[in-house]
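First up is the structure itself, then whatever we jot down about it.
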Amino acid sequence: MMLEIGTQAPDFTLPDQNGDLHSLSDYRGQKVILYFYPRDMTAGCTKQACAFGDLYPQFREKGAVVIGISKDTVASHKRFEQKHGLPFTLLSDTELVAIQAYDVWKEKKLYGKVSMGVVRTTYLIDEDGRIVKAFGKVKAADNPAQMLAELS
């Protein structure tokens, strides 16, 4: 179950790729594309991050920020940002604080093996901190363009 449309997005405070703390409440007055992804440097996550990066100027024009969250470390996020020249904030959630609050920590099956992991999910949060759209099991490569269209 994803969080419900129209509900207040849970606040959190997490470190970014530079170790600086960010809270969701810091972004009041702006639209926030909050996307949860499984892992830095993997093929799908790289495609998704690079597409968000390519479209970032258009997101900014529409008054939105993009924030990616995974359970990777700050150092891992820094390498990911530098390798791909990512222009947006990546938050490290090693304790699964936001990941669990946004209900994206799920049982996943891969080759018949069951494990827990982040299900790729993207939320659109409005200027008042409310969830206006929620997309689960998103296609990594298509998700950034889809989210840009949602802002139009």
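Read-outs throughout are calculated quantities, based only on the coordinates presented, and are distinct from any laboratory measurement. What you are looking at is a predicted structure, and each value in this text was computed from that prediction instead of being measured.
For the reader, a short list of remarks on this structure follows.
- In the chain, the calculated helix contribution to ellipticity at 222 nm averages -9000 deg cm²/dmol per residue, counting -39,500 (n - 2.57) for every DSSP H run with n ≥ 4.
- Column: log10 I(q)/I(0), Debye, Cα scatterers of the range 13-151, q = 0.12, 0.18, 0.20 Å⁻¹: -0.42, -1.01, -1.28
- In terms of distances greater than 25 angstrom between alpha carbons, the cross-link table entries Lys83/Lys113; Lys31/Lys139; Lys83/Lys106 yield Lys83/Lys113; Lys83/Lys106.
- Full-extension gain in nm, Arg28 to Asp103, via 0.36 nm per residue minus C-alpha separation: 24.8 nm
- Fraction of beta bridges assigned by DSSP in the range 13-151 that are antiparallel (%, nearest 5): 65
- Normalised by 2.2 N^0.38 Å, where N is the number of residues, the C-alpha radius of gyration of the range 73-152 stands at 1.25.
- Backbone phi angles across the range 34-51, fed through the Karplus curve with coefficients 6.51, -1.76 and 1.60 (θ = phi - 60°), yield HN-Hα couplings of 10, 10, 9, 9, x, 7, 4, 6, 7, 4, x, 5, 5, 4, 5, 4, 5, 5 Hz in residue order; Gly and Pro are listed as x.
- Rounded to the nearest Hz, the phi-derived 3J(HN,Hα) couplings of the range 71-78 under the Karplus curve 6.51 cos²θ - 1.76 cosθ + 1.60 (θ = phi - 60°) are 8, 5, 6, 4, 5, 5, 4, 4, where x marks glycine and proline.
- Whole-Hz ³J(HN,Hα) from phi, Karplus 6.51 cos²θ - 1.76 cosθ + 1.60, for the range 128-133, glycine and proline x: 9, x, 9, 6, 9, 9
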